[in-house]
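Presented below is the structure to which this report refers.
The values are calculated or read from the model by the stated rules, or taken from the named source; none is laboratory data. Since this is a predicted model, take the numbers as computed values, not measurements. Using ideal geometry, Cβ is built from the backbone for each residue, glycine included, and neighbour counts are taken over all protein chains shown. Heavy atoms of the whole protein, side chains included, go into the accessibility calculation; ligands, DNA and RNA do not. Shrake-Rupley method; radii C 1.70, N 1.55, O 1.52, S 1.80 Å.
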Amino acid sequence: MTLKIGLVSISDRASQGVYEDKGLPALQEWLASALKSPFTTVTRLIPDEQAGIEATLRALVDDEGCHLVLTTGGTGPAPRDVTPEATLAVADRVMPGFGEQMRQISLKFVPTAILSRQVGVIRKQSLILNLPGQPKAIKETLEGLRDDQGAVVVPGIFAAVPYCLDLIGGPYVETNEVVVKAFRPKSAQKPVS
């Protein structure tokens, strides 16, 4: 089974062509560097409208069969930032650790990380994660923080994604350990291919 990933950039201005979307290219570039397993992506660039976000997330999971959906944008406190509300509205179960860890990572860089409202949820057999809007912050939250020697000091959220996908019935995903090392208990590890 090939991993299918939905990528959603949520921005009024980028969806209207006012400026170039940087979220989708950043996600695709990071995934290409981080995943050893084959994967395909389905991308959407949509405005900050709760009903539209909900419909997009439902379609990516229910119709497209995505195992993982990553959103970028729309997670701040501004009135138009409704990505978390839309994500929670389509959720079967909430996975609070993902949002908590993203804020912990971002707090190492900016005190305004506490204003971020990213959430992680499960819908059917899909994991949906709200990521920050900026490419640098996307990379940091997925990959984690490293010291000057390159050792991971704070794990990124993607370290937990492959095992989560295992547990909800998704494909077995291997990562490029130079970028992010997936964590699985020994009992859940398969021989290296």
So GLU174, is it touching a Lys or Arg at 6+ places or on another chain (Cβ under 7 Å) and acidic (Asp, Glu): yes
Per-region count, the stretch 50-80, residues of a type outside the set (Gly, Ala, Ser), open to solvent by 20 Å² or more (accessible area, probe 1.4 Å) and more than 22 Å from PRO135 (Cα to Cα): 8
Tally, over the stretch 178-188, of residues that are under 13 Å from GLY144 (Cβ atoms), out of contact with any Phe, Trp or Tyr (no Cβ under 7 Å at 6 or more places or on another chain) and either open to solvent by 50 Å² or more (accessible area, probe 1.4 Å) or basic (Lys, Arg) (or both): 2
Strands (runs of 3 or more DSSP E) within the stretch 104-156 that include 2 or more residues open to solvent by less than 30 Å² (accessible area, probe 1.4 Å) and at pLDDT 95 or above: 120-123, 126-131
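Would you please name the residue that is most open to solvent (accessible area, probe 1.4 Å), looking only at residues in the stretch 157-177 that are of a type in the set (Phe, Trp, Tyr) and closer than 15 Å to LEU129 by Cα? Walk me through how you get there before you give the answer.
First, pick out the residues of the stretch 157-177 that are of a type in the set (Phe, Trp, Tyr): 158, 163, 172.
Applying the additional criterion that residues be closer than 15 Å to LEU129 by Cα yields 158, 163.
Numbers: PHE158: 2, TYR163: 65 Å².
Among those that are of a type in the set (Phe, Trp, Tyr) and closer than 15 Å to LEU129 by Cα, it is TYR163.
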Selection count, the stretch 106-162, where residues are over 16 Å from the mean Cα position of the chain (by Cα) and on the phi > 0 side of the Ramachandran plot: 2
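Looking for whichever is without any contact (Cβ under 8 Å) to a residue 40 or more places away in the chain and more than 27 Å from VAL154 (Cα to Cα) here; the options are ALA32, ALA55, ALA137, ALA113. Which one fits? Please lay out each step first, then the result.
Numbers: ALA32 fails: more than 27 Å from VAL154 (Cα to Cα); ALA137 fails: more than 27 Å from VAL154 (Cα to Cα); ALA113 fails: more than 27 Å from VAL154 (Cα to Cα).
ALA55 is the lone residue from the list that is without any contact (Cβ under 8 Å) to a residue 40 or more places away in the chain and more than 27 Å from VAL154 (Cα to Cα).
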Test: residue in the stretch 166-178 that is touching a residue at least 40 places away in the same chain (Cβ under 8 Å) and more than 22 Å from VAL121 (Cα to Cα): yes
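So how many residues does the stretch 21-36 have that are open to solvent by 30 Å² or more (accessible area, probe 1.4 Å), under 19 Å from VAL161 (Cα atoms) and over 13 Å from the mean Cα position of the chain (by Cα)?
Going residue by residue through the stretch 21-36, those that are open to solvent by 30 Å² or more (accessible area, probe 1.4 Å) are 22, 25, 28-29, 32-33, 36.
So of that shortlist, the ones also under 19 Å from VAL161 (Cα atoms) come out as 28-29, 32-33, 36.
Adding the requirement that they be over 13 Å from the mean Cα position of the chain (by Cα) leaves 29, 32-33, 36.
Counting residues in the stretch 21-36 that are open to solvent by 30 Å² or more (accessible area, probe 1.4 Å), under 19 Å from VAL161 (Cα atoms) and over 13 Å from the mean Cα position of the chain (by Cα) gives 4.
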Selection within the stretch 2-18 - in a loop (DSSP other than H, G, I, E, B), at negative phi and open to solvent by 40 Å² or more (accessible area, probe 1.4 Å): THR2, GLN16, VAL18
Check on PHE158, among the aromatic types (Phe, Trp, Tyr) and closer than 23 Å to ASP21 by Cα: yes
Within the stretch 81-90, considering residues that are surrounded by fewer than 16 Cβ atoms within 10 Å (Cβ to Cβ) and hydrophobic (A, V, I, L, M, F, W, C), the one farthest from the chain's Cα centre (by Cα): ALA89
